[in-house]
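Take a look at the structure below.
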Amino acid sequence: MLDRDLAELYGVETKRLKEAVRRNISRFPEDFMFEMTKEELENWRTQFASSKGDLQGLRYVPF
């Protein structure tokens, strides 16, 4: 589940979800979110290259 999926689940913008987590990190479980590395993102893109829907709008490394 990517940050945008979780944001949709909560009914907020992805940017606002990330902002809330960063500002209130102590209120979230340690394993609530992690940030993909650039290498992990490239591997993920390679695995889903045929699925354009998963890449649309993905400009930043997702959480």
Could you please tell me which pairs satisfy a Cβ distance under 7 Å, a separation of 6+ or placement on different chains, a first residue in segment 8-20 that is within 18 Å of F34 (Cα to Cα), and a second residue that is surrounded by 14 or more Cβ atoms within 10 Å (Cβ to Cβ) and among the acidic types (D, E)?
T14/D3; L17/D3; K18/D3
Give me the helices (runs of 4 or more DSSP H) completely within the chain, filtered to those with at least 3 residues that are surrounded by 12 or more Cβ atoms within 10 Å (Cβ to Cβ) and modelled with pLDDT of 80 or more, ordered by residue number.
3-10, 14-23
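The values are calculated or read from the model by the stated rules, or taken from the named source; none is laboratory data. Remember, it's a predicted structure, so these values are computed and weren't measured experimentally. Because the Cβ atoms are built from the backbone with ideal geometry, glycine has one as well, and the counts that use them run over all protein chains shown.
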